[in-house]
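To keep things clear, I will list the structure first and then write my remarks on it.
What follows is calculated from the coordinates using simple rules that are stated; it is not laboratory data. Since the model is a prediction, treat every value here as computed from it, not as a measurement. For neighbour counting, all protein chains shown are included, and Cβ atoms are generated from backbone atoms with ideal geometry for every residue, glycine included.
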Amino acid sequence: MKYFAFSLLVLLLNCGLSSTENPIEKVKPTIAEAIDTGGQSSAPPIRNPQSAIRNLIPDGWTEITALDPTIQLDLRYATANNFVKEKMYDCGRCFYRTAVAKALVNAHKTLQKQGYGGLKMYDCYRPRPIQWKLWKKVPDPRYVADPRKGSMHNRGMAADLTIVDKNGKELDMGTDFDFFGEEAYHAYAKLPKQVLANRQLLLKTMADVGMKHTTTEWWHYSYRKGKFELADWVWDCD
């Protein structure tokens with residue numbers, strides 16, 4: 001009887017019950033297997049925590065198109081179509097301090113009620129690291145703010161913008177964005193009456209929501225109902 005019991009035990013062991021492998025480990029996919037199969041594993045995806053952090057928008061900031069997607073974007077520093085002829089942003093996204101974003105949306109809606117298409121943005125919040133890039137290209141405070149002092153753009157308080165008609169076409173403002181000459185000055189009067197009227201429309205619309213003009217740039221307005229600190233954070237690209 002003892003010999004029979006011993007033989008039965010040996011048989012059971014040979015059937016695999018003595019295996020040191022964990023049966024759970026035999027079906028658990030590895031990271032390498034998930035990559036090799038193109039991510040088709042049933043295991044939950046492994047996310048990069050640093051990427052998740054970069055995707056966070058700091059408190060007090062708003063992407064303007066989240067408030068109103070009908071606002072047009074022509075973010076020149078996300079392309080080479082700008083005065084330094086070089087792409088400065090990895091991608092074009094338009095952020096502001098929340099109070100500023102709301103003011104701009106109010107201006108946009110006011111224009112729409114008057115039969116226009118609303119606002120088109122050329123530049124919005126500009127991270128100070130980008131300000132340094134511009135400064136290295138053009139270290140001249142007449143054209144680029146010294147990043148050590150920073151600008152209203154670096155605070156999320158400045159808007160470079162224009163008005164579009166109901167068909168999305170820009171109103172004639174006499175010069176292009178970032179034209180550095182007296183023709184871009186608000187005081188310059190040697191322009192067609194319609195151009196002067198368009199500039200006056202933009203100026204009044206912005207003033208009504210607390211945005212003050214810059215004398216030498218018809219497109220540049222800054223929020224004057226509050227004060228915010230300089231910011232360095234850079235948005236992530238989708």
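Quick notes on this one:
- Report note on the peptides 124-132, 163-171, 106-114, 147-155: ranked by the mean count of other C-beta atoms within 10 Å, highest first, their order is 124-132, 147-155, 106-114, 163-171.
- Reported to the nearest whole Å, the Cα centre-to-centre distance from the range 84-116 to the range 156-212 is 14.
- Long-range HN-HN contacts of residue 123 with modeled amide H, under 5 Å: 160
- The range 91-231: C-alpha gyration tensor shape, a/c 1.5 cut-off, then a/b vs b/c: oblate
- Student exercise, the range 92-238 dipole from Lys, Arg, Asp, Glu Cβ charges, in Debye to nearest 20: 480 debye
- Greater than 26 Å apart at Cα, pairs in 87/169; 133/225; 109/227: 133/225
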